[in-house]
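Student: Structure in structure tokens, see below.
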């Protein structure tokens with residue numbers, strides 16, 4: 001698949017792992033943002049192995065708390081995230097990955113997970129389903 | 001101060017509090033994004049009171065884990081965040097606030113907290129200090 005995935009050298013991986021403060025569970029929150037549109041797509045978690053794999057492969061890998069395993073984004077759905085830039089915040093306890101998202105980030109088939117807005121008297125759905133979830137996760 | 005701060009009615013606050021899943025500590029991660037430029041400014045945490053106050057006042061309020069208290073963003077520094085839109089993700093466990101940031105979001109005096117990028121062989125600082133931190137937090 002043609003995308004922007006580029007790999008980082010081991011020295012950059014070592015620097016990132018040395019800089020990041022992982023929480024008591026060994027995790028750091030990771031925000032994914034589409035690199036050109038600026039859309040915030042999702043927030044998930046990474047452990048040390050996920051950070052290293054993301055930088056080494058140029059494809060974003062999270063850690064699934066529910067499955068207790070590495071979660072290579074798009075592995076089942078094909079909706080991968082190519083890493084464009086990897087940033088760390090001032091407290092070294094949050095990561096921002098700028099990505100090139102193939103298709104949709106959300107398991108509901110929407111581009112972004114943040115499709116519920118608190119407006120007027122309640123909560124509104126502000127984004128349409130772009131891909132039928134049954135096609136994302138065939139049974 | 002002239003900004004976009006608008007308040008939300010109690011029914012919207014109730015709907016948001018009913019929707020959000022707070023973690024074992026009673027917190028939810030909250031990402032702040034500048035509403036027009038799309039820049040991701042920071043990530044912090046909110047408890048129920050912080051969510052309610054943010055929606056009620058139209059000014060973003062977090063919960064400081066280190067101070068164990070509500071953190072009205074900009075209270076000491078003047079660098080407030082007016083709430084433009086309040087969004088909840090598909091799992092109801094992360095919040096995205098679109099804001100109008102006065103000045104800078106980061107305590108280092110930079111616009112965004114995500115100023116460290118893992119590039120080439122290591123970590124690079126990719127944003128300049130815009131306001132001297134000594135002026136943000138006078139002693």
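Each value in this text was obtained by applying a stated rule to the coordinates, not by laboratory testing. Here the structure is a predicted model, which means the values were calculated and not measured. Virtual Cβ from ideal backbone geometry, glycine too; neighbours counted across all protein chains shown.
Student: Can you work out which chain A residue has the shortest Cβ-to-axis distance for the rotation that carries A onto B, and give it in Å?
Tutor: Whole-Å result, nearest residue of chain A to the axis: A:38, 1.
Student: For a Förster distance of 30 Å, can you work out the FRET efficiency between the beta-carbons of residue B:23 and residue A:18, rounded to the nearest 0.05?
Tutor: Working: r = 27 Å, r/R0 = 0.90.
Using R0 = 30 Å, I get an efficiency of 0.65.
Student: Going 7 Å from the Cα of residue B:100 toward and past its Cβ, which residues in segment A:102-139 have a backbone nitrogen under 20 Å from where you end up?
Tutor: A:118-120
Student: How are the C-alpha pair distances of segment A:48-99 spread across 5 Å bins, as whole percents from the shortest bin up?
Tutor: 5, 20, 28, 26, 16, 4, 1
Student: Here's a follow-up. Relative to the other copies, what are the label-point distances for residue A:26, with labels 7 Å from Cα along the C-beta vector, expressed in nm at one decimal and sorted shortest first?
Tutor: Values, ascending and in nm: 3.0.
Student: For chain A, take the longest principal axis of its alpha carbons; what is the angle in degrees between that and the long axis of helix A:48-57, to the nearest 10 within 0 to 90?
Tutor: Helix A:48-57 and the main axis of chain A meet at about 90 degrees.
Student: Also, I was wondering about something else. What average count of beta carbons from other chains do you get within 10 Å of the Cβ of residues in A:108-121?
Tutor: Counting other chains' Cβ atoms within 10 Å and averaging over A:108-121 gives 6.
Student: Output the relative contact order of chain B, whole-number percent, from Cα pairs under 8 angstrom with separation of 6+ residues. Display every interim value, and only then the final one.
Tutor: Values: 273 pairs, mean separation 31.1, N = 139.
That works out to 22 percent.
Student: Under the 0.36 nm per residue contour assumption, what length would be gained going from the current alpha-carbon distance of residue A:132 and residue A:69 to full extension? Don't skip to the end; give the middle numbers.
Tutor: Numbers: separation 63, 0.36 × 63 = 22.68 nm, distance 2.57 nm.
Full-extension gain reported as 20.1 nm.
Student: Here's a follow-up. Cα axis of helix B:10-19 to longest principal axis of chain B: angle in degrees, 0 to 90, nearest 10?
Tutor: Helix B:10-19 and the main axis of chain B meet at about 80 degrees.
Student: Right, something else. Using a 10 Å cut-off around each Cβ of peptide A:38-51, what is the average number of partner chain Cβ atoms that fall inside?
Tutor: Shielding by partners across A:38-51 averages 3.
Student: Still on this structure, I have one more. Under Stokes-Einstein, with the Kirkwood radius over Cα pairs standing in for Rh, what whole-number D in µm²/s applies to segment A:3-122 at 37 °C and 0.692 mPa s?
Tutor: Stokes-Einstein gives a translational diffusion coefficient of 224 µm²/s.
Student: I would also like to ask the following. So if I take the centroid of the Cα atoms in segment B:1-78 and the same for segment A:33-56, what is the distance between those two points in Å?
Tutor: 23
Student: What average count of beta carbons from other chains do you get within 10 Å of the Cβ of residues in B:127-139?
Tutor: Details: counts 1, 0, 0, 0, 0, 0, 0, 0, 0, 0, 0, 0, 0.
Mean shielding by partner chains, rounded to a whole number: 0.
Student: Note the distances from residue B:108 to each other copy's matching label point, with points 7 Å along the Cα-to-beta-carbon direction, in nm, sorted shortest first.
Tutor: So the distances to the same position in the other copies read 3.5 nm.
Student: Can you give me the relative contact order of segment B:72-139 as a percent, contacts being Cα pairs under 8 Å and 6 or more apart?
Tutor: Working: 93 pairs, mean separation 17.0, N = 68.
Computed over segment B:72-139, the figure is 25 percent.
Student: Compute the semi-axes of the equivalent ellipsoid of segment B:74-139, taking the square root of 5 times each eigenvalue of the Cα gyration tensor, and list them largest first in whole Å.
Tutor: Sorted largest first and rounded, they come to 24, 21, 9 Å.
Student: Sticking with this structure for a sec: Summing -39500 (n - 2.57) over the DSSP H runs of n ≥ 4 in chain A and dividing by its residue number, what mean residue ellipticity at 222 nm do you reach, to the nearest 500 deg cm²/dmol?
Tutor: Values: 3 runs with 24 residues, N = 139.
Mean residue ellipticity, 222 nm, calculated: -4500 deg cm²/dmol.
Student: Let me ask you something else. Report, largest value first, the span of the C-alpha coordinates of the protein assembly as shown along each principal axis, in whole Å.
Tutor: For the protein assembly as shown, the Cα spread along each principal axis is 49, 45, 33 Å.
Student: Right, next: Compute the label-point distances linking residue A:11 to its equivalents in the other copies; points lie 7 Å from Cα along Cα→Cβ; give nm, one decimal, shortest first.
Tutor: With the label placed 7 Å along Cα→Cβ, residue A:11 yields 6.1 nm.
Student: Give me B:118, B:28, A:60 sorted ascending by neighbouring Cβ count inside 10 Å, so fewest comes first.
Tutor: Numbers: B:118 26, B:28 22, A:60 29.
Ordered by Cβ neighbours within 10 Å, fewest first: B:28, B:118, A:60.
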